[in-house]
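J.: One structure is given below, represented as structure tokens, and several questions about it will come after.
The values are calculated or read from the model by the stated rules, or taken from the named source; none is laboratory data. These numbers come from a predicted model, not from an experiment. Neighbour counts are summed over all protein chains in view; Cβ atoms, including those assigned to glycine, are modelled from backbone coordinates with ideal geometry.
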Amino acid sequence: MNEPAPTECRQPLPRNVKVLSAVSLAQDAGSEMLYPFLPAFITGVLGAPVVAVGVAEGAADLAAAGMKLVSGRKAPAGRRRPWIAAGYGLAAVGKAIVAVAFVWPVVLLGRVVDRVGKGIRGTPRDAMIADAVPAADRGRAFGFHRAMDTLGAVIGPLLGLALYHLLDGRIRWVLLAALVPAVLSASLVSLVREHRREDAVDGPATAPAAAAAAPTAPPVRPPLPPVFRRAMIPLAAFAVVNSSDALLLQRAHDLGVGLSWVVVAYILFNTLYAGLAYPAGTAGDRFGHRTVLAVGVAVFAVVYLGLGLSTSSTAVWVFMPLYGAYAALTDGVARAWVSQLAGDTARSYALGVHGALTGVGVLVAGLWAGLAWGPAGRLPLTVSGAVAAVVAVWLFLGRRSTQTVQGD
């Protein structure tokens, strides 16, 4: 197992990682300006039933999951930037559709367009980040990206709340304002520099080898290594108990926290997430991505069991910030781990499979948790926490079976 270089000796992160991180920051600021106000817009302004909120978000998540798989197969190295640009462009179009909607099915259309854009851009963007850095720095690169992305998730709600008060509660104008960072995000993609496959970090091809390989078209569906397939089993088990964050906010409300303070709790979650994402990614490079991921899933188990079993609103202020630590320890770290396990040829497809699996899992988890919610949501949160604890042990005990020469 190769020991990664000390942090102080590492090279600065490449331009593409920084640009793509800035793109994500702007996009998430726009998305999170919209997200907290969407339920009130659908049910209050448009007069739709509450179930319309669930239908819109469920359809959007399903669309995103499907497109992650498609883009993972169709966006090979050297041809990723057009997919990234199209994805961020569609996200801006989707937000515009939502902002001008006068009936709730148009909001559904806008959310689906937005999330289709997310599905299109996510896999090639993550593959481009992985290609830009050496294997020993992938956790650091993904950690930096997730930190910047989540910083946008802190800025967005704060801007949204400020505009909501400045505009005398006119939600539609807040939704229109969310277009500004979304358009800026799509524009910044033009600063990304596409590299040919032979320029990738992990496996530069020699000129004769590249010439010999030129007549052969790359496979549409590159084979996924057995080590990757085995790793997806515990991740799939975790996905089906990892329901929407909106349910945690609902639980906070059920415990007696008012709407404004629920938004504050959500901001605290994102603040801790943004602050810990980069050091968590660096820890993944040093100690192994699977090990850090196991710790993150264990934190998830503590949060869900804590909120599920608690009867006091004080628990919200303990466990919601801690939930940010879970997100930091798993989100970017999982992408870095998948990138390591898949290798160069299957990286984009593997990230697409992982993204699709996660998206479908969130949809399934949201459906069963919503049906089992009851008066206060204690049962689904407790069940999810217990299953997550088992998965955390599974990941930790199985870490040696999926180690690579880079330390995983």
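J.: Of the residues Arg115, Arg140, which is of a type outside the set (Val, Ile, Thr), within 16 Å of Ala336 (Cβ to Cβ) and either in contact with a Ser or Thr (Cβ under 9 Å, 6 or more places away or on another chain) or buried (at least 22 other Cβ atoms within 10 Å of the Cβ) (or both)?
T.: That would be Arg140, the only listed residue that is of a type outside the set (Val, Ile, Thr), within 16 Å of Ala336 (Cβ to Cβ) and either in contact with a Ser or Thr (Cβ under 9 Å, 6 or more places away or on another chain) or buried (at least 22 other Cβ atoms within 10 Å of the Cβ) (or both).
J.: Checking the structure you have, find out if any residue of segment 158-173 is at pLDDT below 90, over 23 Å from Val353 (Cα atoms) and surrounded by 23 or more Cβ atoms within 10 Å (Cβ to Cβ).
T.: The answer is yes; a qualifying residue exists.
J.: Out of the residues in segment 1-60 that are small (Gly, Ala, Ser) and over 24 Å from Ser244 (Cα atoms), state the one that is modelled with the lowest pLDDT.
T.: Checking each candidate, the answer is Ala5.
J.: Give me the pairs: first residue in segment 155-174 and among the β-branched types (Val, Ile, Thr), second residue surrounded by 15 or more Cβ atoms within 10 Å (Cβ to Cβ) and assigned to a helix (DSSP H, G or I), beta-carbon distance under 6 Å, and six or more apart or on different chains, which are they?
T.: Ile155/Ala29; Ile171/Phe37; Ile171/Phe41; Ile171/Val45; Val174/Phe37; Val174/Gly160; Val174/Leu163; Val174/Tyr164
J.: Moving on to the next point. Scan segment 218-246 and report the pairs whose first residue is farther than 15 Å from Val360 by Cβ and whose second residue is surrounded by fewer than 19 Cβ atoms within 10 Å (Cβ to Cβ) and modelled with pLDDT of 80 or more, with Cβ atoms within less than 6 Å and a gap of 6+ or a chain change.
T.: Pro234/Trp394
J.: Then there's this: Look at Asp131 and say whether it is touching a His at 6+ places or on another chain (Cβ under 9 Å), surrounded by 22 or more Cβ atoms within 10 Å (Cβ to Cβ) and more than 22 Å from Phe41 (Cα to Cα).
T.: Yes, satisfied.
J.: For residues that are among the basic types (Lys, Arg) and within 20 Å of Ala153 (Cβ to Cβ), tally how many sit in segment 10-28.
T.: 1
J.: Within segment 339-355, can you find the residues that are more than 14 Å from the chain's Cα centre (by Cα) and either acidic (Asp, Glu) or buried (at least 24 other Cβ atoms within 10 Å of the Cβ) (or both)?
T.: Ser339, Gln340, Leu341, Ala342, Asp344, Arg347, Ser348, Tyr349, Ala350
J.: Which of the residues spanning segment 225-262 are at pLDDT below 80 and aliphatic (A, V, I, L, M)?
T.: Residues satisfying the conditions are Ala246, Leu247, Leu249, Leu259, Val262.
J.: Is it the case, given these coordinates, that Ile84 is β-branched (Val, Ile, Thr) and either without any contact (Cβ under 8 Å) to a residue 24 or more places away in the chain or buried (at least 22 other Cβ atoms within 10 Å of the Cβ) (or both)? First the steps, then the outcome.
T.: Numbers: β-branched (Val, Ile, Thr): yes; either without any contact (Cβ under 8 Å) to a residue 24 or more places away in the chain or buried (at least 22 other Cβ atoms within 10 Å of the Cβ) (or both): yes.
Judged against the criteria, Ile84 is a match.
J.: Here is a follow-up. Return the residue satisfying two criteria in turn: it lies in segment 276-307 and is of a type in the set (Val, Ile, Thr) and crowded, with 24+ Cβ neighbours inside 10 Å, and of such residues it is farthest from the chain's Cα centre (by Cα).
T.: Applying the filter and picking the extreme gives Val303.
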